[in-house]
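Let me begin by presenting the structure, written as structure tokens, before commenting on it.
Here, each number is a calculation from the coordinates, and none is a lab measurement. Just so we're clear, the structure is a prediction, and the values are computed from it rather than from any experiment. Reconstructed Cβ throughout: ideal geometry from the backbone, glycine too, with neighbour counts over all protein chains shown.
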Amino acid sequence: MRISLILSAGFCTAATISRQADSTCSDPVQRVEWRTMSAETRKQYIDAVLCLKTKPSGIGLDTSRYDDFPYVHTKLDKSIHTVAMFLPWHRLFVQVYEDALRDCGYTGPMAYWDWTLDAADVTKSPIWDPNTGFGGNGDPAIDPLKESSSKKCVLDGPLVGIEPSYTMNGYAPHCLARNWNNGTAFPGNMFSDSYTKEVIEETNALNNYPDFRYKLEGTPHGAIHSAVGGDMSPATSPNGKCFFGARVAFKDT
């Protein structure tokens, strides 16, 4: 599996990469926004996500293919964030994830989540639909001011009962958790002022890569991680499958 190549590639951020000649793709693959896909295609996508939990690890772990992604993302955390490799590395990571979904029978297009469409009220996004999405917020009975947000288990949708195997502390099977917030309120506006259409347009208008990477990673990208909370907050964020590929793919569109 190519994820093993990613594991080694993450340690090569300082390597010099020779510039290749420009080329034109004659038939580029089209990604689509999650809500534009048919209910049937969304179900096939989610079924493939669940299938990953039944497949053996592709990198020699004792856990599943599903768990390969948070494991690698965490191991390479410092090498793939706040550095120039942030965008190209995650582009490759999304491609490897798409390949894994294909191995589980998914035949539709790779999806992305356009955050700007939901900035007015993120809690109403179809990405959280319990039937054609990834389920909603974590257990409302858990007060995140009194207990760890890791206990806010998702209570509806297709990922109920799934157990991601890794946390930042290593192997630790646990429920999939979400803790919608804006830093002081639950859910509040979920930091939506950081990923409005205007913010994305300002980011895309930056005309040099360092500034673009810095703005994209630090503002909309970081805000979504924090806003969804739970398993989406730490470097093991691929545990929360609204992260892959729908969230990360949007950075790459």
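Assorted remarks:
- Qualifying residues in the range 155-192 (those that are in contact (Cβ under 8 Å) with a residue 12 or more places away in the chain and outside any loop (DSSP other than H, G, I, E, B)) - the one nearest to CYS51 (Cα to Cα): TYR166
- Members of the range 127-154 that are part of a loop (DSSP other than H, G, I, E, B) and hydrophobic (A, V, I, L, M, F, W, C): PHE134, ALA141, ILE142, LEU145
- Residues located in the range 107-134, provided they are farther than 20 Å from ASP231 by Cα and of a type in the set (Val, Ile, Thr): THR107, THR116, THR132
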